[in-house]
Amino acid sequence: MKRVWPKLVILAILCSPVSSWAGSSIAASVRNCTWCHGTGAQGYTVAPRLAGQRSLYIEAQLRGYAAHIRDNPLSKQYMWSAAANLRTDTVRDLADYFASLPPKTAHDGHWGLAARGQAIYLQGIPEANIAACLACHGPAGQGVREIPRLGGLSYFYMKRRLQEWGQGYHSAPMSPMPLVASTLGPDEIEALASYLSFVR
Amino acid sequence: MMKIAVLHSALRTAILAAGLSIALSQVVRADDFQAKLLYCKTCHGLSGQGYHGYYPMPRLAGQQPQYLENQLRAFIEHRRRNAIMANVAHALSPSMLSALAHHFRDLNPPPLGGGSRGDIATGRRMYEEGLPESNVPACSACHGPDARGQDQIPRLAGQLPDYFYSKLVNWSAERGQDSSMPDSSAVMGPTSHNLTKSQIAAVAAYVSGLR
């Protein structure tokens, strides 16, 4: 008996984050998300990190998938069906849950391009009509309200998203991103995606 | 005689050509202008209605051209402090700057709004009557009863309330930053100091709903 108690305590600590969601209605939904987005929601291959993302942004995107507004190929393939039958309160609970997880930095860009990416992020390139990202996404890529956190997202995800806006895919109604991305060339996209992958 | 006539006409042609080339260099090419305009609208909204990014980006629609021109020059000369707009304005030629400043005058999208409803009546009273006990003049005296401004006095109607609030709260830290080049921003200095933050928020809420 004496030996069992410490093990039980350890087990209780290990299971506590899971058990606190086990009884709620969204536990199953969280598991559905983390199959692709990683068990810690830190992103996995093509699925972006959700941990620490702005909850209003996650909510807006889930609504956008269900309404078929966000229409890039991977969103169509995976997220349209994933978001199709979510209740409004489940969407809000999922968004709040993933927003509450501490995000990890991807560190997977080209380090040599980070300085140029940082310059574009902070200052834009006024001569080429490229807007400074920080005006909307904040000085540390933290995002605000329905504007997403970009700091520490993976290089491959950021690169693909920036390319897709330039190709005419949509994200949200009234989003300035198609206009922004239309001014970015391949070199600028490489630099921005690299820089952001190192931002904490 | 013939020689003089030829010389005369050659000279006239040369003067004309020189004049034409100066005129052309000052004219903004239409596609350059459209590209720059889209660049402005990336942040300030496709109809110039303003946008809530990480920072509030002000409404430019319906703004007084003289005011916009003055502000762009103030960014360039660092009399008005704003890191983003200093970069943006530095890349504008004088003729582009002027052309952009005049473009927004005729846009008239509905206001974005977003001010606190509870503040509107208080804000309206302050806008129209001022605050005699705090030595704050009526805003309408300069900005007009409809808040549309005039010449170098800016339009306030439809302005984003959080933009309006942060500008007035930080007035003396952002405007008139070069003591060797005083500008008209000094007019607002005392009034911005005599208003409390909640009074500023009330006026912001009122003017943000005006069309």
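Per this entry, B:Q71 is counted among residues that are more than 9 Å from every other protein chain (Cβ to nearest Cβ) and in a helix (DSSP H, G or I). Screening B:A91 with (1) surrounded by 20 or more Cβ atoms within 10 Å (Cβ to Cβ); (2) touching an Asp or Glu at 6+ places or on another chain (Cβ under 6 Å); (3) under 22 Å from A:A128 (Cα atoms) gives one miss only, at (1). Scanning segment B:46-60 for residues that are surrounded by fewer than 21 Cβ atoms within 10 Å (Cβ to Cβ) and among the aliphatic types (A, V, I, L, M) returns a single hit, B:L46.
The residues listed here are B:L112, B:L92; of these, the one that is within 10 Å of another protein chain (Cβ to nearest Cβ) and not in a helix (DSSP H, G or I) is B:L92. The residues in segment A:135-146 that are at the interface with another protein chain (Cβ under 7 Å from one of its Cβ atoms) and either surrounded by 21 or more Cβ atoms within 10 Å (Cβ to Cβ) or touching a strand residue (DSSP E or B) at 6+ places or on another chain (Cβ under 8 Å) (or both) can be counted, and the count is 4.
For first residues located in segment A:173-200 and without any contact (Cβ under 8 Å) to a residue 12 or more places away in the chain, partners that are buried (at least 19 other Cβ atoms within 10 Å of the Cβ) and lie 6+ apart or on another chain with Cβ distances below 6 Å form the pairs A:L179/B:T42.
Sort out which residues of segment A:91-102 are surrounded by fewer than 17 Cβ atoms within 10 Å (Cβ to Cβ) and not in a loop (DSSP other than H, G, I, E, B), and write them in order of number.
A:D96, A:S100
Candidates are the residues of segment A:142-156 that are in a loop (DSSP other than H, G, I, E, B) and either modelled with pLDDT under 95 or among the aliphatic types (A, V, I, L, M) (or both); the one that is farthest from A:S194 (Cα to Cα) is A:L150. Entry remark, segment A:150-200: residues being within 14 Å of chain B (Cβ to nearest Cβ) and at positive phi number 1 in total. A:Q123 satisfies every condition listed in (1) among the polar types (S, T, N, Q); (2) over 23 Å from A:G185 (Cβ atoms); (3) within 11 Å of chain B (Cβ to nearest Cβ) except (2). Any idea which residue in segment B:106-163 is surrounded by the fewest Cβ atoms within 10 Å (Cβ to Cβ), counting only those that are more than 21 Å from the chain's Cα centre (by Cα) and among the charged types (D, E, K, R)? Per the stated criteria, the residue is B:E133. Of the residues making up segment A:153-188, those that are more than 21 Å from A:L62 (Cα to Cα) and touching a Ser or Thr at 6+ places or on another chain (Cβ under 7 Å) are A:Y155, A:G166, A:L179, A:V180.
For segment B:120-166, the tally of residues that are assigned to a helix (DSSP H, G or I), out of contact with any Phe, Trp or Tyr (no Cβ under 7 Å at 6 or more places or on another chain) and either of a type in the set (K, R) or within 22 Å of B:H44 (Cβ to Cβ) (or both) stands at 8.
Residues in segment A:37-68 that are modelled with pLDDT of 95 or more, of a type in the set (A, V, I, L, M, F, W, C) and either outside any helix (DSSP H, G or I) or farther than 16 Å from A:T90 by Cβ (or both): A:A41, A:A47, A:L50, A:A51, A:A67.
Condition check for B:C43 on (1) more than 9 Å from chain A (Cβ to nearest Cβ); (2) buried (at least 23 other Cβ atoms within 10 Å of the Cβ): one failure, at (1).
Could we say that A:P139 is part of a helix (DSSP H, G or I) and under 20 Å from B:G50 (Cα atoms) here?
no
Candidates in segment A:115-128 are the residues that are surrounded by 20 or more Cβ atoms within 10 Å (Cβ to Cβ) and touching a residue at least 40 places away in the same chain (Cβ under 8 Å); of these, the one that is farthest from B:D32 (Cα to Cα) is A:G117.
The values are calculated or read from the model by the stated rules, or taken from the named source; none is laboratory data. Treat the numbers as computed from the prediction; the structure is a model and nothing was measured. Glycine gets a Cβ as well: all are built from the backbone with ideal geometry, and neighbour counts include every protein chain shown.
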